[in-house]
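**Q** The structure's right below; bear with me while I get my questions together.
No value in this document is a laboratory result; all are computed from the given coordinates. As the structure is a prediction and not an experimental result, all values here were calculated from the model. FYI the Cβ positions are ideal-geometry reconstructions off the backbone, even for glycines, and counts take in every protein chain you see.
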Amino acid sequence: MADNTQPIDESAVVLTDDAGRFLPCQVEQSFQLNGREYLLLLPIDAPIEIFVWQQGDDDDDILMDIEDEDIDQIFLTAKAVLAEQNLMLQRTAITLTAAGELPDAEEDNCLTLELDELDETGNPLTEEFQILATCFYEDEEYTLCTPLDPLLIFANRNSSGTLEVVTPEEFQLIRGSLEEKLFDLLE
């Protein structure tokens, strides 16, 4: 997905996707694995997710991810709503981000979503979000959120020195080695 990088300084890089969008990231860890350099990155600005409320099969309203092509339609409305909170929504590589100071997360502005994936014990994985704002576009309600857990991105440096985001398939293949390496670095 992200196919190159421009160094800012030793602790930051800028990922660029195929569409030419940038994502400035802080380098959390750098290590060698199987003769390749891997980086654990954290976006500098807050990641933003946009969900839409839709009616489920049992007439309950449920939150759904929106597709990338739908982001283009809602983007200007979402940007205006976040600007009211002094947050600047950006169309960056890999994820939308918002520059600015996020409000404090409080219990009444957080939500937990069940993912379609299961953990090792067979229970559904969940992800927690802080609700930043809601808005309406073409009679649909959208919720703008930021994840409460950091969005960590694994990338590796290819033979030409360019950073590439580790694909989910590659991540599964090297996951055990990555986790072992990270635990060694933390000790």
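**Q** Using a 7 Å offset from Cα along Cα-Cβ at Ser177, what residues in region 144-169 end up with backbone N under 17 Å from the label point?
**A** 154-159, 164-169
**Q** Right, another one. Using only Cα atoms, locate the centre of region 36-65 and the centre of region 128-170, then give the distance between them in Å, rounded to an integer.
**A** Between the Cα centre of region 36-65 and that of region 128-170, the gap is 7 Å.
**Q** Roughly what would the spin-label model give for Asp18 and Ser160, points 7 Å off Cα along C-beta, in nm?
**A** Taking the two extended label points, one gets 1.5 nm.
**Q** Let me ask another. Taking +1 at the Cβ of each Lys and Arg and -1 at the Cβ of each Asp and Glu, which of Tyr142, Phe75, Gln130 sits farthest along the dipole of the chain towards its positive end, judged by Cα position relative to the Cα centre?
**A** Phe75
**Q** Next question, about the same structure. Choose one of Leu178, Phe31, Val52: the residue whose Cα lies farthest towards the positive end of the charge dipole of the chain (beta-carbon charges +1 Lys, Arg; -1 Asp, Glu; about the Cα centre).
**A** Phe31
**Q** Moving on to the next point. How large is the helix-only mean residue ellipticity at 222 nm for the chain, computed as the sum of -39500 (n - 2.57) over DSSP H runs with n ≥ 4, divided by its residue count, in deg cm²/dmol to the nearest 500?
**A** Working: 2 runs with 35 residues, N = 187.
Mean residue ellipticity at 222 nm (helix-derived): -6500 deg cm²/dmol.
**Q** Along the charge dipole of the chain, which of Ile62, Asn109, Asn156 sits closest to the positive end, that is, farthest toward it, with unit charges on the beta carbon of Lys, Arg, Asp and Glu (+1, +1, -1, -1)?
**A** Asn156
**Q** Here's another thing I want to ask about it. Using 0.36 nm times the number of residues separating Glu37 and Asn109, minus their current alpha carbon distance, what extension gain do you get?
**A** 22.0 nm
**Q** Still on this structure: Determine the dipole magnitude for the chain: charges of +1 sit on the beta-carbon of Lys and Arg, -1 on that of Asp and Glu, nothing else is charged, the reference point is the Cα centre, and the result goes in debye to the nearest 20.
**A** Value, rounded to 20: 1360 debye.
**Q** Taking the chain as the reference, fit the longest principal axis to its C-alpha atoms, fit the long axis of helix 68-83 to the helix C-alpha atoms, and give the angle between the two in degrees, 0 to 90, nearest 10.
**A** Computed tilt is about 70 degrees.
**Q** Distance in nm between label sites at Ala83 and Glu120, each 7 Å beyond Cα in the beta-carbon direction?
**A** 4.8
**Q** Going by the alpha-carbon gyration tensor, a ≥ b ≥ c the square roots of its eigenvalues, is region 31-124 rounded (a/c under 1.5) or, if a/c is not under 1.5, prolate (a/b greater than b/c) versus oblate?
**A** Note, shape of region 31-124 comes out oblate.
**Q** Follow-up question, since we're still on this one. Can you list, largest first and rounded to whole Å, the semi-axes you get for region 86-176 by taking the square root of 5 times each eigenvalue of its Cα gyration tensor?
**A** Working: eigenvalues 164, 88, 34 Å².
Equivalent-ellipsoid dimensions as semi-axes: 29, 21, 13 Å.
**Q** Under a crude label model (7 Å from the Cα following the beta-carbon direction), how far is Gln54 from Glu101 in nanometres?
**A** 3.8
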